[in-house]
Amino acid sequence: CAADLPEHGCLTKAEQRAAFASHRAISLAKAIKAARKHLHHSEVLRARLCYRGEGLVYELTLLARNGKVRRVTVDAENGELIKGR
C-alpha cells in the first residue's frame, strides 16, 4: 500500500522484487520503452526504482545519440513519463 512507503529513497533488490510481486511496479523494460517514446535512440546509463511521494518511480539516466545525458522520471505504476530533461 502506498501509505506504507517512505517519501524518498531507492529500493533494495529485495524491495524491488516485492514491488514487482505485488504489482506495484511495472518492469524496468516497460519503463525504458516508455522513456524511449520521448527520447529515441537513447542508451540507458542508470536505472533506479525509487519512492517518490506516495508511489514508486523509475529514475532513468539516458545517453542520447547526440552525446547529451538526459534524466527521465517514469511512473512505475502506469509507465507514464513524469518528467524528462
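The values are calculated or read from the model by the stated rules, or taken from the named source; none is laboratory data. The structure presented is a predicted model; accordingly, all values stated were derived computationally and were not measured. Cβ sites come from the backbone with ideal geometry, for glycine too, and all protein chains shown count toward neighbours. Heavy atoms of the whole protein, side chains included, go into the accessibility calculation; ligands, DNA and RNA do not. Shrake-Rupley method; radii C 1.70, N 1.55, O 1.52, S 1.80 Å.
Quick notes on this one:
- Percent accessible area from carbon and sulfur atoms, region 9-77, protein chains only, probe 1.4 Å: 51 percent
- Which of Ile82, Val57, Gly67, positive extreme of dipole for region 46-85 (C-beta unit charges): Gly67
- Put simply, the amide H of Ala76, placed in the peptide plane, has neighbours under 5 Å in Leu56, Val57, Tyr58, leaving out anything fewer than 5 places away on its chain.
- Annotation: per residue accessible area for the chain equals 67 Å², rounded to a whole number [probe 1.4 Å, protein chains only].
- Label-point separation, Arg46 to Leu63 (7 Å along Cα→Cβ), nm: 1.4 nm
- Where the Cα pairs of the chain fall when distances are cut into 5 Å bins, in %: 3, 16, 28, 24, 15, 9, 4, 1, 0
- Hits among lysines - C-alpha to C-alpha of Lys37 under 19 Å, sequence gap 8 or more where chains match: Lys68, Lys83
- Positive minus negative residues near Asn78 (Lys, Arg vs Asp, Glu; Cβ under 15 Å): +2
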